[in-house]
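Beneath this line is the structure, given in structure tokens, with notes to follow.
The values are calculated or read from the model by the stated rules, or taken from the named source; none is laboratory data. Since we're looking at a predicted model, the values are computed, not measured. All Cβ positions, even for glycine, are placed from backbone atoms using ideal geometry, and neighbour counts span all protein chains on display. Side chains are part of the model used for accessible areas, which takes the heavy atoms of the whole protein and leaves out ligands, DNA and RNA. Shrake-Rupley method; radii C 1.70, N 1.55, O 1.52, S 1.80 Å.
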Amino acid sequence: MARTIDTSHSLLRLLLLLLAAGAGLVSATDHIVGGHLGWNPNINYTLWSNNQTFFVNDLISFRYQKNMYNVFEVNKTGYDNCTMDGVAGNWSSGKDFITLTRPGEYYFICGNGLCFSGMKVSIKVIPLPSPPVSPSHSPSGHSPSAAGSYRAPLAGLFAIAVWIGFWI
């Protein structure tokens, strides 16, 4: 019986630790280019892109039939004219994941001549929101939204402290 209780406590401690570890993490979004339609000709990728919000460290993934299509990152001239101007990368696996590492514009085209059939997308990436201002720097001396934004990391730290307490 005592061994069952110890095992249960160990599992509870592990669960608390896992919850604490995940509480403070910010996850990136994986945007599948074209949604369920994927990367194919004759799709309005401008409409798709305009309905997304891209942050730094988000992913975009291109899903397409391997050996039929590909993806090239180009500059604005390459995008506008469907040329290889300013090639910064190319992918051809059929399931390509690209991390958006900086704010600004990204331009992608299909290099198999299908850019002229609409296989191109421009993406505007915005910086991650700034962390809240600490209460001592706010004009009124307190900031309820700043306090609320720290709840998850503080809860994680509390859970870790509790977990460590079980082992001491």
*Quick one: which of THR101, THR77 is surrounded by fewer than 15 Cβ atoms within 10 Å (Cβ to Cβ), modelled with pLDDT of 95 or more and part of a helix (DSSP H, G or I)?*
THR77
*Got a sec? Which of ASN90, ASN67, ASN112 is under 15 Å from ASN40 (Cα atoms), open to solvent by 80 Å² or more (accessible area, probe 1.4 Å) and at pLDDT 75 or above?*
ASN67
*Please find, among HIS142, HIS137, the residue that is touching a helix residue (DSSP H, G or I) at 6+ places or on another chain (Cβ under 9 Å) and at pLDDT below 95.*
HIS142
*Can you tell me which residue among ASN57, ASN40 is closer than 20 Å to ILE126 by Cα, in contact (Cβ under 8 Å) with a residue 24 or more places away in the chain and assigned to a loop (DSSP other than H, G, I, E, B)?*
ASN57
*Between a first residue in segment 84-111 that is more than 21 Å from SER27 (Cα to Cα) and a second residue that is of a type in the set (S, T, N, Q) and in a loop (DSSP other than H, G, I, E, B), which pairs have beta carbons less than 6 Å apart while being 6 or more apart in sequence or on different chains?*
ASP85/ASN75; GLY86/ASN75; SER92/ASN70; GLY111/ASN70
*asked:* Which numbered condition in (1) under 20 Å from the mean Cα position of the chain (by Cα); (2) at pLDDT 95 or above; (3) open to solvent by 40 Å² or more (accessible area, probe 1.4 Å) is the only one that SER27 fails?
replied: (2)
*Say whether the condition of being at pLDDT below 95, open to solvent by 30 Å² or more (accessible area, probe 1.4 Å) and either closer than 20 Å to VAL125 by Cα or of a type in the set (Gly, Ala, Ser) (or both) is met by at least one residue in segment 8-15.*
yes
